[in-house]
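Notes follow the structure.
Nothing in this text is a laboratory measurement; each read-out follows from the coordinates by a stated rule. For clarity, every value in this text was computed on a predicted model and none was experimentally measured. Glycine gets a Cβ as well: all are built from the backbone with ideal geometry, and neighbour counts include every protein chain shown.
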Amino acid sequence: MSSSPTAVRISAIAVLLLLLGATSLVVGTPVHAQETQCSKDQESGELICVVVVQSTSPNIGVDLDGPDGLPLRWARFKIADSPGAPVSCERIEADGAQTFGVPWLITLTNTDTGQLLSARGFCEWPGVPPPPPPPPPPTRTDIEIDQDQVFALETGLNPPVRKRGVSQLPTWFWCSNDGAVDVDATLPPYRAAAVVEVVELTWTVEGPDGQAELVATDCGSEPPIDSDGASAAATWTPNLPGESTITLTTTWSGTWTYTYLDPIFGAIDLGTFDLGAISVTSAPVVYDVYEIQTVGRGSRSYVEP
């Protein structure tokens, strides 16, 4: 027979039969040995030897759920050496010797849906043991992202900070947002890609009027100066002069798409999972309000003291 590569694909039917038959999984340290078997060819009288790898490595099943609860299970199953085995582990060495390795089935399964994400065959050879389980996927906090730079939004105000607010005159709030944000991070042996978007905005205003919270579901836009401010995300009317502190907390939500970068089989798509909420508070803005003295013509006309 022709030589077989270290990693080989197997048929879907064989995978199903093996999964149905594999009920007991234990964890242990892989160990293998080899045995040389020789016999004399009856016709030529030549001594023919074959090397048979013998493995004592156990079957393993490991849940890769981790702190974020991803429903993933990695497993390896030893395939019985039989004429109908779906993985052939036979090769001819450089010296002409015929070697039979130990065939394994390596699987990744979504335990929530039962979907078989990956099923690959692997041949154990002398000096090449079956692969160990991968580490758990990275959590959201493991991924090094500067959330302040990526997710923090800047507050727009009218009257603007440089001109100060005016008592009893509505202050319009909005922010700048370009829509969904793509974030990619690689922590070997995993790659994670997130797509998130704003689901809630909360402006907290603290000052002479006490504390107020203004909640919106989108950034709105800067209203025209001669409008009623309908395009603003929120409106706040100060009554008392003095300094107020304004902070914006942005809540994002979205999904992670995980990929396992298997050192033997390459990239394996693990699926898309809920990211949950990410709340990021922008740096506070000091907003000074003075008491109105004169209001001229136009909805936003006033005279500073």
*Spin-label model distance (nm) - Asp63 vs Ile225, 7 Å beyond Cα toward Cβ*: 6.3
*Scaled radius of gyration (Cα, divided by 2.2 N^0.38 Å) that the range 147-290 gives*: 1.35
*Estimated distance in nm for a label pair at Ser176 and Gln211, the labels positioned 7 Å out from Cα along Cα-to-Cβ*: 3.0
*So how strong a dipole does the range 167-305 carry about its Cα centre when Lys and Arg Cβ are +1 and Asp and Glu Cβ are -1, to the nearest 20 debye?*
60
_Descending semi-axes in Å of the range 169-220, equivalent ellipsoid built from Cα gyration tensor_ = 35, 13, 8
